[in-house]
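Asker: One structure, as structure tokens, below. Some questions next.
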Amino acid sequence: MAVDQTNLSYEHPLYATMDKMPGITVATTTVDMLLTWGLKNSLWTFAMATSCCGIEFMHANGNRTDLDQMGSVPRPSPRHADVMVMAGTITVKMAPRILRLWEQMPEPKWCIAMGSCAISGDFYRDMYSVVPGIDTMIPVDVYIPGCPPNGDDLMAGLKRLQEKVEAQRAGRWVEPEGRPETAKAILPALGRVIDRDGTQTERQLRACQSMGLDGNEHRQSDLVAKSAGLLSNLLKLKGR
Amino acid sequence: MDATLREALAARFPAVDLDQDVLLVPAADHYPLAALLKEQGYTLYVTVAASHHPGPEGDAFEVATVLRRPVRGAPSVAWRVVLGADPHLQSLYPLFPGADLQEREQLDLVGVRFDGHPNPVRLMLSEDWVGHPLRKDYAPNMPHAPWR
Amino acid sequence: MKHYLRGLHLALYETLRQGFKPRITQGMRSVEQHEERYRASFALTHNEHGEQACIACMQCSNVCPSHVIEVTAGPKEASPATGKKRGWAADYTLNLQACILCEMCVQVCPTDAIVMVKVQEKPGFSREDLVLTMDKLYANAKARPLAWANGSILREMQDPKREVKP
Amino acid sequence: MDPIFQPFRDDPHYPLDRYEAAADLMLLNMGPQHPSTHGVFRLKLVLDGEIIVKAVPYMGYLHRGVEKMVEGLTFAQMTPIFNKHDYVSPMTNEQAYAVAVETALGIEVPRRARYIRTILAEIQRIASHLLWLSTFTLDMGGVIGGGAAMMMYNFREREDIFDLFEAVTGSRFHYNTHCIGGQRHDLPEGWVQRVRAFLDRQERAFDEYLRLIRNDIFDLRTKGVGVMSADLALGLGITGPNLRASGVDFDMRRDAPFHAYDEVEVRVAVAQGCDAYARYEVRMAEMRESVRILRLLLDQLPEGPICGSKPVKMANAVRVPDGRGYTAIEGPRGEIGTWLIGGGEDKGAKPFRLKIRPPSLHAMAAMSYLLPGHTVSDVVVVLGSLDPIMGEVDR
């Protein structure tokens, strides 16, 4: 999950050396506060905009609800961004691309599921070509309900993410646990994915991920290796 | 339907009942009818819609095509062709280039083949997809590993 | 070149002109800044006798295009206030995960039990945060301003024999 | 235009091996996630140097299976589904569906409801064209003062429009304000005055836009780019502003009136240029025309009931008998049609087959005809000038 990955930055040998110096804790705490302040107030967003919510994302970055005032600047490239805002329906054909874009984002990174389609697939969730929620592929940090959520809601979601970032940096973050309401929640049935015949899954995944460009078939071998990784990720999610 | 078109249709296709809103045409007349309508000024290619009608005698398919004349009053002509269990029909691509993507979509979703189509591959779904979703015997919540 | 400079001049003039206009950025809008009919989340109401208004007729659950409303009907019992026999909802869940806020459930509700409120739900850290249970829905009705519409207002507005305003 | 590219412009399936390349042919993949492809759309380009030889569009990245889904929903439930196809003009999509079912059932819509529909459709047309203008100039960088400057100007008026819609329907974006037989919400008090004030602001704003756009860069990037002849446009089934920019004087609002368009005079904007600039001209003229029509409509707005049939109380209240038919209305992007076969499950409460005719899918077919012979930088101009919405293309 995102928590473990953000803590990775503390494993640098420099920190280990610094820890032994007397009086350094006061200084590092102050520096850490400064870094946290900077991090949470410059959450640059990458809009993974597929459908209607993408238009509301444009509105949120427009002049009425100006997300820039929170330090959140929209970036068209995943390499510049901290937060992926998944805005819109995820289809089976688009899902491998979304996963690849998510993997291209540098750590630390967060994901916001904006709107019903990204949270659970909305009323399309039972359709043959729609992925029932972005959290079947990617760990999601904040869920913003609405169809589509307007700029105010997106701003509230970013504030909520700032709370989470602060808690994570301070080591206070507790992953939310399943509650009695879980029975009522529309949760994706991951079982049906994992119980299927392995060879067919691999073949489908390969064709699904293939960019279909003439002469680019050598990429296929990487993708097959990645597919095995994806399946183990899904198993982990199921275990959660 | 104006009088000149009605005369032309009655002369060329005597078997077709011209009083219906949606003409029922035999499959062999599909392409000649479109060609005649294009000559008569129905140059705007509106749409093609295929549908699957399962019945006790077996599967039937219906392909409906709509053409329009871009003038005041916007008269349009719609006709349908009923096909059997192995549906295939002549493509209108030589007459209307817009039929390219539209017929590919119907091939993809309903599974009606169009003879003479230059590029008959799936349009909406990925190329390895099994089955045609808009057929009545296709379950809407069909899983597709590993994504759903 | 001359035309280019003219275009540049015009555009810079326009940009400069906007600098003297009032600011339109609002940030997060409060309830008062939204329109009167704004709808954002849901609530369950009590009727005039203080009983739950929902009679578990299942119409909202049937009409919902997204199938997010689950109603469990309790046994039919007489109402303590009026003495008439009526249905009671034992449980009511509205799942905001897949809700599209289309107001269909409000439109069909015969007793105006399910209504909408003007304040949006807080974004959640997990999917379970977005499930509006019966308790949350009743709490919403007390804590948040109700939206303009309810079933009877909407149906009266759509009535074909409505009184024509002068 | 070099005549060597003419075979590819005439027939996009012309074999590539008959082309003698000056340099090595290169494949370039645009999309599906590209900031200026207006959604999730992928274009495979075969390049000779910087010149495009062949362009192959790929779509389906937003295929949500709506046509299968509506076979499991009743007619009364379906209105909110339809505004998610063309998410830039949800209002007209709802109207297309409502008109289709009303025509199938022969329901008469009250005069006030027809007027309200027309007013909402025209305001939606302005909003849709404003979003087109902002994305078109954003892609092109054709505005002095930075790419996003025009977007900020357009979104200022678009927010006003969303406020007007929120005042009527309670929702900013997906309204669900149409029902079969009329409107779900009546206009609130004082709304007409607010619209008038907005129209005055909007009319002044057109001059502001022109000050930003009218320069040589814009002309150079758009004139002569993406020339689509009238024959090609008709054969492809292109409708709406794109067709009128090719010189065809055809508008469903005037030529096959629906709603209340038969009670106002619609002056159709036509341009003869056939290129991206002509499409820009037509859309700008249409926005001004919408302002004029709206003023007329607001003057004539009648009083009365807003719904012709009884209000919806049950999910299966509307049943369409067995039969088939095609109905269409003119949306901001062209003809939004529905091919409806009734008599589905639950004794006709669900449709047997409902096909939506998307104007954007027809416009996307033009890409492979227009692009050969242009440079890579013209791709976004041609794509932007056609104004496709991928939710509608893929459904």
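Asker: Take segment B:125-146 and flag every residue that is over 19 Å from residue D:395 (Cα atoms) and either more than 7 Å from every other protein chain (Cβ to nearest Cβ) or buried (at least 21 other Cβ atoms within 10 Å of the Cβ) (or both).
Answerer: Scanning segment B:125-146 gives B:130, B:137, B:145, B:146.
Asker: To continue, here is another question. Take segment D:270-303 and flag every residue that is farther than 21 Å from residue D:196 by Cβ and within 14 Å of another protein chain (Cβ to nearest Cβ).
Answerer: D:270
A quick yes/no check of all residues on (1) part of a helix (DSSP H, G or I); (2) over 24 Å from residue D:127 (Cβ atoms); (3) at pLDDT 90 or above:
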| position | (1), (2), (3) |
| --- | --- |
| D:259 | no, no, no |
| D:274 | no, yes, no |
| D:279 | yes, no, yes |
| D:283 | yes, no, yes |
| D:288 | yes, no, yes |
| D:297 | yes, no, yes |
| D:309 | no, yes, no |
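Asker: A follow-up question, please. Can you find, within segment D:10-67, the residue that is surrounded by the fewest Cβ atoms within 10 Å (Cβ to Cβ) among those that are of a type in the set (Lys, Arg) and at pLDDT 85 or above? Steps first, please.
Answerer: So the first thing to find is which residues in segment D:10-67 are of a type in the set (Lys, Arg), and the list is D:18, D:42, D:44, D:54, D:64.
Filter once more, so that each one left must be at pLDDT 85 or above: D:42, D:44, D:54, D:64.
Numbers: D:42: 21, D:44: 19, D:54: 22, D:64: 29.
Among those residues, the one meeting the criterion is D:44.
Asker: Let me ask another. Out of all the residues in segment B:17-46, which are under 24 Å from residue D:235 (Cβ atoms) and not in a helix (DSSP H, G or I)?
Answerer: Of all residues in segment B:17-46, those under 24 Å from residue D:235 (Cβ atoms) come to B:22-23, B:25, B:27-46.
Within segment B:17-46, B:22, B:23, B:25, B:40, B:41, B:42, B:43, B:44, B:45, B:46 qualify.
Asker: Applying the selection to segment A:122-137, what residues are more than 7 Å from every other protein chain (Cβ to nearest Cβ), in a loop (DSSP other than H, G, I, E, B) and surrounded by 24 or more Cβ atoms within 10 Å (Cβ to Cβ)?
Answerer: Within segment A:122-137, just A:133 meets the criteria.
Asker: Go through segment D:267-285 and give me each residue that's surrounded by fewer than 21 Cβ atoms within 10 Å (Cβ to Cβ) and under 27 Å from residue D:114 (Cβ atoms).
Answerer: Once the filter is applied, which keeps residues that are surrounded by fewer than 21 Cβ atoms within 10 Å (Cβ to Cβ) and under 27 Å from residue D:114 (Cβ atoms), segment D:267-285 yields D:267, D:268, D:269, D:270, D:285.
Asker: Would you mind stating whether residue B:93 is under 15 Å from the mean Cα position of the chain (by Cα) and hydroxyl-bearing (Ser, Thr, Tyr)?
Answerer: In short, yes.
Asker: Considering only residues of segment B:86-101 that are open to solvent by 20 Å² or more (accessible area, probe 1.4 Å) and not charged (D, E, K, R), which is farthest from the other protein chains (Cβ to nearest Cβ)?
Answerer: By that ranking, first place goes to B:88.
Asker: If a residue must be open to solvent by 40 Å² or more (accessible area, probe 1.4 Å) and either at pLDDT 85 or above or closer than 30 Å to residue D:90 by Cβ (or both), how many such residues does segment A:27-54 contain?
Answerer: Matching residues across segment A:27-54 total 3.
Asker: Spot the failing condition for residue C:105; the list is (1) surrounded by 22 or more Cβ atoms within 10 Å (Cβ to Cβ); (2) free of Cβ contacts under 8 Å to residues at least 12 places away in the same chain; (3) under 25 Å from residue D:308 (Cβ atoms), and only one is missed.
Answerer: Condition (2) is where residue C:105 drops out.
Asker: So which of B:72, B:80, B:104, B:122 is open to solvent by 10 Å² or more (accessible area, probe 1.4 Å), part of a strand (DSSP E or B) and within 11 Å of another protein chain (Cβ to nearest Cβ)? Step through it out loud before you land on a result.
Answerer: On the way: B:72 fails: part of a strand (DSSP E or B); B:104 fails: part of a strand (DSSP E or B); B:122 fails: part of a strand (DSSP E or B).
So the residue among B:72, B:80, B:104, B:122 that is open to solvent by 10 Å² or more (accessible area, probe 1.4 Å), part of a strand (DSSP E or B) and within 11 Å of another protein chain (Cβ to nearest Cβ) is B:80.
Asker: Filter segment C:46-77 down to residues that are of a type in the set (Val, Ile, Thr) and out of contact with any strand residue (DSSP E or B) (no Cβ under 6 Å at 6 or more places or on another chain), then give me how many there are.
Answerer: 1
Asker: When the residues of segment C:16-48 are filtered to those that are within 11 Å of chain D (Cβ to nearest Cβ) and open to solvent by 70 Å² or more (accessible area, probe 1.4 Å), which remaining residue is nearest to residue C:142 (Cα to Cα)?
Answerer: Among residues in segment C:16-48 that are within 11 Å of chain D (Cβ to nearest Cβ) and open to solvent by 70 Å² or more (accessible area, probe 1.4 Å), the one nearest to residue C:142 (Cα to Cα) is C:36.
Asker: Determine, yes or no, whether residue D:332 is in contact with a Ser or Thr (Cβ under 7 Å, 6 or more places away or on another chain), away from chain B (no Cβ under 14 Å) and surrounded by 24 or more Cβ atoms within 10 Å (Cβ to Cβ).
Answerer: On the way: in contact with a Ser or Thr (Cβ under 7 Å, 6 or more places away or on another chain): yes; away from chain B (no Cβ under 14 Å): yes; surrounded by 24 or more Cβ atoms within 10 Å (Cβ to Cβ): yes.
Criteria met by residue D:332.
Asker: Sticking with this one: Can you tell me which of D:17, D:24, D:11 is outside the structural domain of residue D:228 (by TED's automatic domain parsing) and in contact with an Asp or Glu (Cβ under 9 Å, 6 or more places away or on another chain)?
Answerer: D:24
Asker: Let me ask another. Need pairs with beta-carbon distance below 7 Å; first residue more than 17 Å from residue D:132 (Cα to Cα) and within segment A:53-78, second polar (S, T, N, Q) and open to solvent by 40 Å² or more (accessible area, probe 1.4 Å); sequence gap 6+ or separate chains.
Answerer: Filtered contacts from segment A:53-78: A:64/C:26; A:65/C:26; A:71/A:41; A:71/A:42; A:78/A:104.
Asker: Considering every residue within segment C:95-115, establish whether at least one is within 17 Å of the chain's Cα centre (by Cα), assigned to a strand (DSSP E or B) and at pLDDT 85 or above.
Answerer: yes
Asker: So is residue A:95 facing another protein chain (nearest Cβ under 7 Å) and of a type in the set (Gly, Ala, Ser) or not?
Answerer: yes
Asker: Next up: Which condition breaks for residue C:124 when tested against (1) free of Cβ contacts under 8 Å to residues at least 24 places away in the same chain; (2) touching a strand residue (DSSP E or B) at 6+ places or on another chain (Cβ under 6 Å); (3) open to solvent by 60 Å² or more (accessible area, probe 1.4 Å)?
Answerer: Among (1) free of Cβ contacts under 8 Å to residues at least 24 places away in the same chain; (2) touching a strand residue (DSSP E or B) at 6+ places or on another chain (Cβ under 6 Å); (3) open to solvent by 60 Å² or more (accessible area, probe 1.4 Å), the lone unmet condition for residue C:124 is (3).
The values are calculated or read from the model by the stated rules, or taken from the named source; none is laboratory data. No experiment lies behind these values; they were computed from the predicted model shown. Every residue, glycine among them, receives a Cβ derived from its backbone with ideal geometry; neighbour counts consider all protein chains shown. Keep in mind that these areas ignore ligands, DNA and RNA; they rest on the heavy atoms of the full protein, side chains included. Shrake-Rupley method; radii C 1.70, N 1.55, O 1.52, S 1.80 Å.
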